[in-house]
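Contents: one structure, followed by commentary.
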């Protein structure tokens with residue numbers, strides 16, 4: 001029997017709740033944005049329902065959309081990794097930074113301008129990882145100082161990353177609110193589990 005890969009696990013979860021799977025068959029930019037949106041919205045729910053988290057890097061490998069580390073702009077991910085490690089972040093956060101940066105490069109579809117400092121992008125990437133994982137300081141000025149760039153540069157690069165990647169940023173209260181809504185709406189019978197997930201994916205909750 002063929003072992004179930006991460007793509008099979010994700011597709012089965014989506015189908016179970018009546019969520020669209022078409023993006024997994026689309027162009028690489030559609031796949032990447034869809035993966036980032038699903039991960040940033042449903043990572044905890046998926047882990048809870050499947051018993052273990054999805055390996056999002058393996059998903060990208062199975063879809064054939066992993067950026068090679070030989071890419072000329074890969075050093076930005078390395079800079080961010082060094083900054084995160086120096087602040088006590090672990091392997092999971094470092095891997096997430098590399099995954100996000102690889103997705104960003106693939107989604108931009110062109111080389112970044114050599115006039116854009118790698119430190120600015122690394123700071124924006126560092127800040128994005130902090131916002132997604134709720135770990136460490138989330139003050140842009142503090143992050144910028146570690147990379148020798150201004151808070152406005154961190155903000156600009158962060159916004160570019162978020163908009164291109166399609167990630168959804170939750171703070172702690174927003175994450176807690178989403179889980180509370182799930183309990184209230186689903187357990188009260190107002191929405192089925194599938195309807196709830198569909199409305200979250202469409203940004204209605």
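Out of all the residues in region 144-154, is one or more touching a residue at least 40 places away in the same chain (Cβ under 8 Å) and surrounded by 15 or more Cβ atoms within 10 Å (Cβ to Cβ)? For region 144-154, residues touching a residue at least 40 places away in the same chain (Cβ under 8 Å) and surrounded by 15 or more Cβ atoms within 10 Å (Cβ to Cβ): present. Report yes if residue 110 is part of a loop (DSSP other than H, G, I, E, B), surrounded by fewer than 24 Cβ atoms within 10 Å (Cβ to Cβ), in the same structural domain as residue 160 (by TED's automatic domain parsing) and free of Cβ contacts under 8 Å to residues at least 40 places away in the same chain, otherwise no. Criteria met by residue 110. Inclusion of residue 185 among residues that are surrounded by fewer than 21 Cβ atoms within 10 Å (Cβ to Cβ), closer than 26 Å to residue 31 by Cβ, out of contact with any strand residue (DSSP E or B) (no Cβ under 6 Å at 6 or more places or on another chain) and assigned by TED's automatic domain parsing to the domain that holds residue 39 is not warranted. The selection criterion, being at pLDDT 90 or above, surrounded by 14 or more Cβ atoms within 10 Å (Cβ to Cβ) and more than 27 Å from residue 175 (Cα to Cα), does not hold for residue 35.
From 165, 161, 201, which residue is surrounded by 12 or more Cβ atoms within 10 Å (Cβ to Cβ), within 19 Å of residue 13 (Cβ to Cβ), in contact with a helix residue (DSSP H, G or I) (Cβ under 8 Å, 6 or more places away or on another chain) and at pLDDT 75 or above? Every option except 201 fails the conditions. Would you confirm whether any residue within region 65-87 is assigned by TED's automatic domain parsing to the domain that holds residue 128 and at positive phi? No, region 65-87 contains no residue that is assigned by TED's automatic domain parsing to the domain that holds residue 128 and at positive phi. Tell me whether region 119-134 contains one or more residues that are modelled with pLDDT under 85, in the same structural domain as residue 89 (by TED's automatic domain parsing), assigned to a loop (DSSP other than H, G, I, E, B) and under 22 Å from residue 90 (Cβ atoms). Looking for residues that are modelled with pLDDT under 85, in the same structural domain as residue 89 (by TED's automatic domain parsing), assigned to a loop (DSSP other than H, G, I, E, B) and under 22 Å from residue 90 (Cβ atoms), one finds at least one in region 119-134, hence yes. Of the residues contained in region 59-82, one or more are found to be within 19 Å of residue 7 (Cα to Cα), in a helix (DSSP H, G or I) and free of Cβ contacts under 8 Å to residues at least 24 places away in the same chain. If we keep just the residues of region 83-102 that are assigned to a loop (DSSP other than H, G, I, E, B) and more than 18 Å from the chain's Cα centre (by Cα), which is surrounded by the fewest Cβ atoms within 10 Å (Cβ to Cβ)? For region 83-102, the residue satisfying everything is 88.
The values are calculated or read from the model by the stated rules, or taken from the named source; none is laboratory data. Just so it is clear, the model here is predicted, and its values are computed rather than measured. A quick note on method: Cβ atoms are made from the backbone with ideal geometry, for glycine too, and the neighbour counts reach across all protein chains shown.
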